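S.K.: Once you've had a glance at the structure underneath, I'll fire off some questions.
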Amino acid sequence: MILARIKKEKRQEQLRRELEENPFLTDEELAHIFTVSIQTIRLDRLELGIPEYRERIKTVAQKHFDTVRSLPIEEVFGEVIDLELDKSAISLLEIGADHVFSRNHIARGHVIFAQANSLAVAVLNEEVVLTATANVKYIRPVYLGERSIAKARVLNSTSKYSEVEVVTYVEGEAVFEGRFTMYRSQHWNKSHNSDGGRS
């Protein structure tokens, strides 16, 4: 009985640390990591006072969430859950039936690209942002039911361009990498306004 209690306390402490490092893990993924049942994970969470997955995402979003300027939030491909303009952003996309090929349930390439590209647009603090170039690498297929987490980081900026790196993960494994050169609206508006006043 004492050994069982020690084992449980150790597991709960590891569970707490795991979720501090990665709050996006679901109960199913945690059950797999700790090789216990989903019910055991849920009981552990309740005892530790750790909220369920969706509530944790909301908490993360409330901590750091600037307002997207470059496009309406609903036009970002995926759910933006963290945003610091001109610095970094995170979006989450649950891969559903409308995102995959019906034959093999693999996510279509443009879906993974769209999540990364729209996040590269959203992270910049401009009214209008356009993609100038994109250098991308697909590392492994993403499947129906998987959760795709894209993380964007602004590497450098000038008055004309910004360089944005986006890496997309599934269960902590990188599945996509992209480096986007984004054209900033500040330069766009100046160049067009000086040419006959067009905007």
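S.K.: Would you call Leu130 outside the structural domain of Glu28 (by TED's automatic domain parsing), surrounded by 17 or more Cβ atoms within 10 Å (Cβ to Cβ) and not β-branched (Val, Ile, Thr)?
M.R.: no
S.K.: Being touching a residue at least 60 places away in the same chain (Cβ under 8 Å) and either closer than 15 Å to Glu163 by Cβ or surrounded by fewer than 18 Cβ atoms within 10 Å (Cβ to Cβ) (or both) is the filter here; which residues of the range 93-126 pass it?
M.R.: Listed by number, the residues that qualify are Ala116, Asn117, Ala120, Val121, Leu124, Glu126.
S.K.: Still on this structure, please answer the following. Taking the residues in the range 170-186 that are touching a helix residue (DSSP H, G or I) at 6+ places or on another chain (Cβ under 6 Å) and among the aromatic types (Phe, Trp, Tyr) as candidates, determine which candidate is surrounded by the most Cβ atoms within 10 Å (Cβ to Cβ).
M.R.: Step by step, filter the range 170-186, then rank; the result is Phe180.
S.K.: Within the range 114-130, is there a residue that is assigned to a strand (DSSP E or B), within 19 Å of the chain's Cα centre (by Cα) and among the small types (Gly, Ala, Ser)?
M.R.: For the range 114-130, residues assigned to a strand (DSSP E or B), within 19 Å of the chain's Cα centre (by Cα) and among the small types (Gly, Ala, Ser): absent.
S.K.: Separate question: Check the range 28-47 and report whether any residue there is surrounded by 11 or more Cβ atoms within 10 Å (Cβ to Cβ), in a strand (DSSP E or B) and either among the polar types (S, T, N, Q) or at pLDDT below 90 (or both).
M.R.: No, the conditions are met nowhere in the range 28-47.
S.K.: Could I ask something else about it? For the range 3-52, enumerate the residues that are touching a residue at least 60 places away in the same chain (Cβ under 8 Å) and at positive phi.
M.R.: none
S.K.: Within the range 135-169, restricting attention to residues that are without any contact (Cβ under 8 Å) to a residue 40 or more places away in the chain and not in a strand (DSSP E or B), which residue is surrounded by the most Cβ atoms within 10 Å (Cβ to Cβ)?
M.R.: Pro141
The values are calculated or read from the model by the stated rules, or taken from the named source; none is laboratory data. Note that the structure is predicted; figures quoted are calculated from it, not measured. Because the Cβ atoms are built from the backbone with ideal geometry, glycine has one as well, and the counts that use them run over all protein chains shown.
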